[in-house]
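Colleague: Here it is: the structure, laid out below.
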Amino acid sequence: QEKKIFMVLGPYPVIRSQLRARGWVERKPPSVGKPLRSPWPPAEKEEEEEEEEQQDEDPDDIHKLMSCLLRDQTPYFIWTTRCSAVNRQLLRHDQVVNHYSGVASFTTKEGLCVNLRNLTWFYEADADTFFPRCYRLGAMDEREAFIEDFRLTAARSLLKVALERAGDTPVATEQPPKSDERPEWVPRSHISHHMPSTAGSPLPSPLVEEALQVCRQHLDSVGHQDVDRDAPSPCTRAIDWDRFLQDYYRVVHEGVGLVLSAAQQDQCQALLQLLAGHLPQLAMEGNHNVWILKPGAKSRGRGIVCMVRLEQALRLAGGCTSFSAREGEWVVQKYVERLLLIFGTKFDIRQWFLVTDWNPLTVWFYRESYVRFCSQPFSLSCLDPARHLCNVSIQKRCRPARGRHPRLPPDQIWSCRQLQAYLAQAGRAGAWQQVMVPGMKAAVVAALRSAQDLVGSRKGSFELFGADFVFGEDCQPWLLEINASPTMAPSSAVTSRLCARVQRDTLRVVIDHRDNPACPTGAFELIYKE
């Protein structure tokens with residue numbers, strides 16, 4: 001009579017126990033082999049299913065008995081791992097489901113890439129300030145845009161390298177990784193461009209002059225105020241790009257020297273300063289021109305490869321001239337090279353947020369999050385996954401580096417409170433609350449606004465998401481992706497505690513707070529409501 005009947009599909013013991021504690025009764029799905037009249041069609045496995053699913057056995061037979069008595073009753077609260085579109089025809093208006101339809105518009109790499117590009121039409125924010133530029137290699141226009149971007153970035157990188165070697169700015173030295181530090185499972189073909197050598201004759205200043213001319217034309221195209229002006233591409237000028245890129249690779253990745261005149265040195269410095277006023281990603285992009293190639297709809301780091309050569313990206317994505325692949329099958333994204341590191345090691349953050357309505361858009365941000373470390377020290381001279389992909393499913397297959405800093409966690413996980421303590425010790429006590437959290441909140445809201453018209457708005461439904469961020473040297477967050485059905489697997493002591501807590505607090509928001517707005521919402525904070 002109170003409609004307190006729920007159904008859980010998947011390994012969610014916390015959800016089961018919390019609902020039972022509230023007086024709800026579970027209607028279990030039919031046994032394996034018996035069809036379940038589900039309101040959603042079969043779908044690809046989501047992130048939550050990365051761990052082996054195990055059936056929860058009731059410690060008390062009374063729950064089994066009650067479930068049998070309810071087998072013909074309607075569940076009014078449904079929690080499942082599936083993130084596929086909800087079939088509205090099979091859902092009653094008073095049933096609550098923990099998913100919305102259409103969220104692939106921002107929970108796939110392809111969807112996020114496409115919709116954030118159109119953000120300015122829906123929201124007063126610039127995606128270039130929080131989302132590394134991204135292209136779908138299966139779409140011809142985006143493929144050409146990526147090729148142009150790669151060339152322009154190479155020209156800027158050449159100016160940066162020329163200045164660094166001329167002594168204008170200090171260059172951080174990197175030690176090449178030892179060959180026996182490579183994880184055994186990583187194919188040697190994925191190890192790219194070890195520490196540049198200093199062999200080879202210096203290249204003459206005309207190479208720098210070409211880069212200066214390209215960057216001047218680029219500055220002109222981005223600096224004009226007339227949006228209707230048909231500005232030519234900076235890459236259409238008469239330049240042999242194949243030859244330029246090969247010379248650029250020799251300088252940046254093989255250590256060949258450059259001859260830089262005093263006048264060119266001044267011009268490089270002035271031009272980069274002017275470009276910085278128009279390119280929000282100039283500082284984070286570094287000078288190695290590293291890009292990361294990702295399958296458009298996969299999760300858990302599967303199929304991701306870092307690369308520094310244009311031809312390699314085009315070849316891996318299906319050939320330089322073949323467009324037979326689906327448009328969003330592969331996306332390529334600028335790698336954040338100037339990262340905030342902890343003891344020389346890359347990390348990212350898994351940040352939860354909850355949407356309880358799309359019209360009006362209502363977003364809750366979780367105050368707790370966790371940090372995921374790589375197992376090997378960061379290096380742009382060795383692009384293997386152990387150094388650059390923080391996914392738990394990737395790092396659990398990697399060997400920790402010998403001589404790893406003793407303060408790095410053996411299970412590769414910190415809580416955000418441990419991160420805050422580290423920042424305070426490093427003299428950046430205010431960075432978390434003043435820069436990192438506000439930046440993550442703004443990025444989440446902007447991403448949701450960009451896809452708002454594409455998501456099915458169903459009253460009573462809700463969805464918990466997991467956003468992944470890295471941080472630049474200035475602590476500004478960069479959004480990498482947003483995951484539907486974020487994993488609740490207790491892979492460490494930190495995640496065991498936090499994953500249980502976020503599930504409990506989710507129920508506080510979607511059940512307790514809905515019935516009584518005075519109820520506490522745990523660590524969830526309402527950050528946006530239209």
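Colleague: So for region 438-460 (the condition being at pLDDT 95 or above, among the basic types (Lys, Arg) and under 28 Å from Leu119 (Cβ atoms)), does at least one residue qualify?
Modeller: yes
Colleague: A follow-up question, please. Pull out all pairs, ordered by first then second residue, where Cβ-Cβ is under 6 Å, the residues are six or more apart or on different chains, the first lies in region 367-380 and is at pLDDT 95 or above and among the acidic types (Asp, Glu), and the second is part of a loop (DSSP other than H, G, I, E, B) and surrounded by fewer than 22 Cβ atoms within 10 Å (Cβ to Cβ).
Modeller: These pairs meet every condition: Glu368/Ala523.
Colleague: For region 349-367, what are the residues that are under 12 Å from Gly466 (Cα atoms) and among the charged types (D, E, K, R)?
Modeller: Arg350, the sole residue that qualifies.
Colleague: Quick check on Ser179: is it modelled with pLDDT under 90 and open to solvent by 20 Å² or more (accessible area, probe 1.4 Å)?
Modeller: Judged against the criteria, Ser179 is a match.
Colleague: For Gly466, state whether it is assigned to a strand (DSSP E or B) and open to solvent by less than 40 Å² (accessible area, probe 1.4 Å).
Modeller: The answer is yes for Gly466.
Colleague: Taking the criterion of being in a loop (DSSP other than H, G, I, E, B), closer than 23 Å to Ile147 by Cα and out of contact with any helix residue (DSSP H, G or I) (no Cβ under 8 Å at 6 or more places or on another chain), would at least one residue in region 391-398 satisfy it?
Modeller: No, every residue in region 391-398 fails to be in a loop (DSSP other than H, G, I, E, B), closer than 23 Å to Ile147 by Cα and out of contact with any helix residue (DSSP H, G or I) (no Cβ under 8 Å at 6 or more places or on another chain).
Colleague: Could you tell me whether region 439-450 includes any residue that is more than 13 Å from Asp348 (Cβ to Cβ), assigned by the TED database to the domain that holds Leu361 and outside any helix (DSSP H, G or I)?
Modeller: no
Colleague: Could you tell me whether Ala429 is assigned to a loop (DSSP other than H, G, I, E, B), open to solvent by 10 Å² or more (accessible area, probe 1.4 Å) and out of contact with any strand residue (DSSP E or B) (no Cβ under 6 Å at 6 or more places or on another chain)?
Modeller: The answer is yes for Ala429.
Colleague: Where the second residue is at pLDDT 80 or above and part of a loop (DSSP other than H, G, I, E, B) and the first is more than 17 Å from Val355 (Cβ to Cβ) and lies in region 83-103, which pairs have Cβ atoms under 6 Å and are six or more apart or on separate chains?
Modeller: Gln95/Tyr76
Colleague: I've got another one for you. Do you know which residues across region 63-94 are touching a strand residue (DSSP E or B) at 6+ places or on another chain (Cβ under 7 Å), of a type in the set (A, V, I, L, M), modelled with pLDDT under 90 and not in a loop (DSSP other than H, G, I, E, B)?
Modeller: Met66
Colleague: I've got another one for you. Anything in region 110-146 that is open to solvent by less than 60 Å² (accessible area, probe 1.4 Å), of a type in the set (Lys, Arg) and out of contact with any helix residue (DSSP H, G or I) (no Cβ under 6 Å at 6 or more places or on another chain)? List them, or say none.
Modeller: Within region 110-146, Arg133, Arg143 meet the criteria.
Colleague: Hey, which of the helices (runs of 4 or more DSSP H) in region 95-169, taking only ones fully inside, have at least 3 residues that are aliphatic (A, V, I, L, M)?
Modeller: By residue number, 109-117, 140-166.
Colleague: Then there is this: Of the residues that make up region 487-509, is at least one among the hydrophobic types (A, V, I, L, M, F, W, C) and under 16 Å from the mean Cα position of the chain (by Cα)?
Modeller: no
Colleague: Kindly indicate which of Leu354, Leu341, Leu361 is open to solvent by less than 10 Å² (accessible area, probe 1.4 Å) and out of contact with any Lys or Arg (no Cβ under 9 Å at 6 or more places or on another chain).
Modeller: Leu354
Colleague: Let me ask something else. Report yes if Arg350 is basic (Lys, Arg), touching a Cys at 6+ places or on another chain (Cβ under 7 Å) and in the same structural domain as Phe462 (by the TED database), otherwise no.
Modeller: No; evaluated as a whole, the condition is false for this residue.
Colleague: Scan region 399-415 and give yes if some residue there is closer than 30 Å to Val252 by Cα, at pLDDT below 95 and crowded, with 21+ Cβ neighbours inside 10 Å, otherwise no.
Modeller: No, every residue in region 399-415 fails to be closer than 30 Å to Val252 by Cα, at pLDDT below 95 and crowded, with 21+ Cβ neighbours inside 10 Å.
Colleague: Listed residues Val444, Val435; which is surrounded by 16 or more Cβ atoms within 10 Å (Cβ to Cβ) and within 28 Å of Ala104 (Cβ to Cβ)?
Modeller: So the residue among Val444, Val435 that is surrounded by 16 or more Cβ atoms within 10 Å (Cβ to Cβ) and within 28 Å of Ala104 (Cβ to Cβ) is Val444.
Colleague: On to the next question. Got a sec? Which of Val494, Val509 is assigned to a helix (DSSP H, G or I) and closer than 25 Å to Tyr123 by Cβ?
Modeller: After ruling out the rest, the residue left standing is Val509.
The values are calculated or read from the model by the stated rules, or taken from the named source; none is laboratory data. None of these values were measured; they are calculated from a predicted model. Glycine also receives a Cβ, built like all others from the backbone with ideal geometry; neighbour counts cover every protein chain displayed. Protein only, heavy atoms only, side chains kept; ligands, DNA and RNA dropped before computing areas. Shrake-Rupley method; radii C 1.70, N 1.55, O 1.52, S 1.80 Å.
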